[in-house]
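Scroll down for the structure; my scribbles are underneath it.
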Amino acid sequence: DGVAQGRGIKCSLCTKVLKKIQALAGDNPDEAAVEAALQKGCRGLRRSMGRVCQQLVKKYQEQISDGLQNGDMPRDICTAMGICRS
């Protein structure tokens, strides 16, 4: 289930990664807290998932950062990025 498919990243993986990053960033994070969480968020994942996580963070860093700072839910952020269907 944690495998990236054809056109990119699975919804479940995106949501899982963002939940982890959100937990690391804490409640009401500022840009620095989100930045640190994005750096740490992919560490500690299995190697294949870690790679996908890094691609996700690199490609969507701004959207993830904005979403977390706005207090959006991980699933909503993944939907806004077009990874999950609404």
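In the set (1) surrounded by 15 or more Cβ atoms within 10 Å (Cβ to Cβ); (2) over 14 Å from LYS16 (Cα atoms), GLY41 fails one condition alone, (2). Name the residues in the range 44-59 that are at pLDDT below 85 and either exposed (fewer than 15 other Cβ atoms within 10 Å of the Cβ) or small (Gly, Ala, Ser) (or both), would you? Listed by number, the residues that qualify are GLY44, ARG46, ARG47, SER48. Is it the case that the range 69-78 has a residue that's farther than 17 Å from LYS10 by Cβ and buried (at least 17 other Cβ atoms within 10 Å of the Cβ)? Checking the range 69-78: at least one residue is farther than 17 Å from LYS10 by Cβ and buried (at least 17 other Cβ atoms within 10 Å of the Cβ). For the range 1-8, the count of residues that are out of contact with any strand residue (DSSP E or B) (no Cβ under 7 Å at 6 or more places or on another chain) and modelled with pLDDT of 90 or more is zero. Of the residues making up the range 42-86, those that are assigned to a helix (DSSP H, G or I) and basic (Lys, Arg) are ARG47, ARG51, LYS58, LYS59, ARG75. For GLN22, state whether it is assigned to a helix (DSSP H, G or I), closer than 24 Å to SER86 by Cα and not β-branched (Val, Ile, Thr). Answer is yes for this residue.
The values are calculated or read from the model by the stated rules, or taken from the named source; none is laboratory data. Note that the structure is predicted; figures quoted are calculated from it, not measured. Cβ sites come from the backbone with ideal geometry, for glycine too, and all protein chains shown count toward neighbours.
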